[in-house]
Each structure stands twice: as C-alpha cells, then as structure tokens.
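Shown next, in structure tokens, is the structure this report addresses.
The values are calculated or read from the model by the stated rules, or taken from the named source; none is laboratory data. On a predicted model such as this, the values are computed, not experimentally measured, just so you know. So basically every Cβ, Gly included, is an ideal-geometry build from the backbone, and we count neighbours across all protein chains shown.
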Amino acid sequence: MKKLLFLRRLLFIVVLTSAVLQCQELTVQTDSGKHVLSRGEIGALPRVKATAAEHSNAVNFEGVSIKSVLEKAGIMFGESMKGKQLTNCLLVEAADGYRVVIALPELDPGFTDKQVVLAFLRDGKPLSDKEGPYRIVIPDEKRMARWVRQVTALKIVEVQ
C-alpha cells in the first residue's frame with residue numbers, strides 16, 4: 001500500500017514537472033518550418049545581461065540574445081543579411097495576444113549595437129508568472145512598448 005502511494009506521488013511529480021517545462025517551451029516559426037525550443041535548449045545558449053530602467057528603477061535582466069535563439073532555429077545573420085532578407089521581420093507573440101514587430105537588421109551586429117534580450121531572470125530570480133517565462137527586453141529603447149511579457153512564439157515574416 002505504501003509502495004502504491006509512493007508511486008502515485010512520484011507520477012504526480014513527474015507529470016507536474018513535465019507540464020511546467022512544457023510551459024517554458026518557445027515556438028520559433030521560420031520559412032523552413034516550426035522549431036520548438038525547450039527551456040534547456042534556450043538556457044544552453046550564451047547568456048547575456050542587460051540593465052534597464054523600468055519606471056525609474058534599475059532592473060537587471062539575464063537571458064539570451066534573440067539573435068542566438070533565431071540562429072538556433074536556422075536564421076542566418078551577418079553577410080547573408082542583404083537583399084530580400086532585409087524585408088523580413090520578427091513577429092513576437094505573447095500569451096495574451098499582444099504582438100510586436102522587430103526588423104531583422106535590428107538584431108544583426110553588422111547593422112546595429114542594439115541589444116535585444118529574451119530574458120528569463122530578473123534581478124537574479126526567475127520571471128514572475130505575470131512576466132514570464134520569457135520576456136523581450138530592449139534596454140536602449142525610450143519606451144517599453146516592445147518589451148513583450150509572456151513570450152510564446154517568435155515568427156519570421158516577410159513584408160510584402
């Protein structure tokens with residue numbers, strides 16, 4: 001009987017852990033298809049830190065560059081960012097339906113020094129449910145309109 005109770009508890013923990021990790025998946029849609037990145041895959045990318053003013057307070061975010069996430073999904077930057085590639089944008093989607101657009105050249109160090117971060121830590125702690133599991137942070141922007149909370153998908157779209 002104790003063994004059965006233990007197995008049920010263990011199964012519950014495994015299912016709960018799986019559900020939490022699934023919520024931390026990020027979908028990246030490119031012209032080559034849909035890529036689903038796990039929290040582990042995202043966390044294995046090179047880390048970046050950004051300090052930004054949020055409502056007059058300094059806040060430290062940590063995560064990965066959006067560029068590295070897109071490269072993991074097969075998007076090319078650098079010398080290949082020319083011609084038709086310059087008409088592509090990144091559409092960022094949030095759980096609540098909020099969406100913003102970032103032009104791909106804004107993510108390429110060959111065009112700009114702007115930093116665009118997919119953050120998962122705020123002041124050293126995981127983002128709250130209201131913000132996370134992922135949030136776009138663009139420290140040098142004057143307005144926070146493109147600081148998307150609860151990011152669920154990144155889609156590459158071509159402007160016609």
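Annotations
- Verdict on Val59 being modelled with pLDDT under 95, under 19 Å from the mean Cα position of the chain (by Cα) and within 20 Å of Leu127 (Cβ to Cβ): yes
- Considering (1) touching a residue at least 40 places away in the same chain (Cβ under 8 Å); (2) assigned to a loop (DSSP other than H, G, I, E, B); (3) closer than 22 Å to Thr30 by Cα, the lone condition that Val157 does not fulfil carries the number (2).
- Selection of first residues in the range 68-89 that are over 18 Å from Leu118 (Cβ atoms) and of second residues that are of a type in the set (A, V, I, L, M) and modelled with pLDDT under 90, restricted to Cβ pairs under 6 Å at least 6 apart or on distinct chains, gives the following pairs, ordered by first then second residue: Thr87/Val159.
- Matching residues, the range 108-123, being modelled with pLDDT under 95 and touching a strand residue (DSSP E or B) at 6+ places or on another chain (Cβ under 8 Å): Gln115
- Tally, over the range 42-82, of residues that are in contact with a strand residue (DSSP E or B) (Cβ under 8 Å, 6 or more places away or on another chain) and not small (Gly, Ala, Ser): 17
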